[in-house]
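The values are calculated or read from the model by the stated rules, or taken from the named source; none is laboratory data. These numbers were taken from a predicted model, which means no experiment stands behind them. Every residue, glycine as well, gets a Cβ built from its backbone with ideal geometry; the counts of neighbours run over all protein chains shown.
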Amino acid sequence: MDVPRLEMERYAARRKLESYRQQRCKNTRLAADKEYEAAMVAYEALAQGWPILSLTAAIRHGGLDQHWRPRLAIARADRKRVRFRWNQYSETVYFDTREHDVDSDSLHLKLDMGRLNRSGKSLDSTAIVPMIPADVRERIGRIDDSGRHLLFEAEWDPVPPKDPILLRRLGSTDFFAIEAEWELTPIEQAIIALSRSV
């Protein structure tokens with residue numbers, strides 16, 4: 001999947017991270033600065049060798065389909081379906097995997113599309129969330145699916161996605177570390193099409 005990534009040499013990221021840490025220690029006003037916090041979590045992930053992405057930039061970069069729906073969707077990795085909503089004349093889109101009205105930031109993400117919904121109507125669609133295959137789990141090790149998200153090309157109908165990216169959110173920022181990428185096989189796509197149909 002073609003998404004804009006933020007990458008940097010680990011050594012350079014460590015130096016930037018150390019500068020931010022030093023400035024926060026010297027200036028107590030910066031201790032609660034949201035921009036400094038976002039920079040620090042991003043540089044920390046880059047210093048550990050993780051490529052990162054801005055979720056908003058990735059969704060915007062993916063563009064819209066012929067029905068004004070985003071081509072990319074985001075969902076928590078332990079969910080089977082995601083609902084997309086975009087109110088008429090709004091710039092904010094919602095990706096919702098809540099069940100039984102459970103409220104959680106990790107289950108209900110909202111993003112600013114940077115443009116108004118000009119479709120002339122409110123949009124509401126559902127997509128199948130991809131699975132994490134066994135070989136990918138072997139490669140990444142044991143993870144808590146409820147602490148991860150999947151970014152994928154949404155079909156917004158019962159057709160399963162093909163090439164998801166496993167993400168780990170960095171704090172409460174718009175940045176996510178890219179932990180794995182893969183392509184689902186036709187067998188895996190057929191399985192989730194039957195078991196996760198919308």
Note to self: For the range 63-75: of the residues being part of a strand (DSSP E or B) and touching a residue at least 24 places away in the same chain (Cβ under 8 Å), which is surrounded by the most Cβ atoms within 10 Å (Cβ to Cβ)?
What the structure shows: A73
Check: If A32 passes every condition in (1) in the same structural domain as L151 (by TED's automatic domain parsing); (2) out of contact with any helix residue (DSSP H, G or I) (no Cβ under 9 Å at 6 or more places or on another chain); (3) among the aliphatic types (A, V, I, L, M) but one, which one does it miss?
Finding: (1)
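Has the range 189-196 got any residue that is part of a loop (DSSP other than H, G, I, E, B), crowded, with 17+ Cβ neighbours inside 10 Å, among the charged types (D, E, K, R) and in contact with a strand residue (DSSP E or B) (Cβ under 8 Å, 6 or more places away or on another chain)? So that I can check it myself, show each step before the final result.
First, the residues of the range 189-196 that are part of a loop (DSSP other than H, G, I, E, B): 196.
Next, only the ones that are crowded, with 17+ Cβ neighbours inside 10 Å stay: 196.
Narrowing further to those that are among the charged types (D, E, K, R): 196.
Within this subset, residues satisfying the condition of being in contact with a strand residue (DSSP E or B) (Cβ under 8 Å, 6 or more places away or on another chain) are 196.
The answer is yes; a qualifying residue exists.
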Next item on the list: For the range 172-188, enumerate the residues that are surrounded by 13 or more Cβ atoms within 10 Å (Cβ to Cβ) and more than 13 Å from P133 (Cβ to Cβ).
Entry: T173, D174, F175, F176, A177, I178, E179
Next item on the list: Taking only the range 82-114 into account, find how many residues are small (G, A, S) and either crowded, with 18+ Cβ neighbours inside 10 Å or modelled with pLDDT under 90 (or both).
Entry: 2
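Can you tell me which of R60, R79 is crowded, with 17+ Cβ neighbours inside 10 Å and either in a helix (DSSP H, G or I) or of a type in the set (D, E) (or both)? Don't jump to the end; show me each part of the working.
Numbers: R79 fails: either in a helix (DSSP H, G or I) or of a type in the set (D, E) (or both).
Matching residue, one of R60, R79: R60.
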Notebook entry, point to check: V136 versus (1) in contact with a Phe, Trp or Tyr (Cβ under 6 Å, 6 or more places away or on another chain); (2) within 27 Å of L64 (Cα to Cα): which is the lone unmet condition?
Noted result: (2)
Check: Does the range 43-55 include one or more residues that are of a type in the set (D, E), in contact (Cβ under 8 Å) with a residue 12 or more places away in the chain, under 24 Å from H149 (Cα atoms) and in the same structural domain as P160 (by TED's automatic domain parsing)?
Finding: no
Checklist line | Single unsatisfied condition, A77 versus (1) closer than 28 Å to L107 by Cα; (2) out of contact with any Lys or Arg (no Cβ under 7 Å at 6 or more places or on another chain) | finding: (2)
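Given the structure, is Y36 in a helix (DSSP H, G or I) and at pLDDT 90 or above?
no
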Check: So R98 clears everything in (1) in a loop (DSSP other than H, G, I, E, B); (2) out of contact with any His (no Cβ under 6 Å at 6 or more places or on another chain); (3) not polar (S, T, N, Q) except one condition, right? Which one?
Finding: (2)
Note to self: Being surrounded by 12 or more Cβ atoms within 10 Å (Cβ to Cβ) and of a type in the set (A, V, I, L, M, F, W, C) is the filter here; which residues of the range 12-29 pass it?
What the structure shows: A12, A13, L17
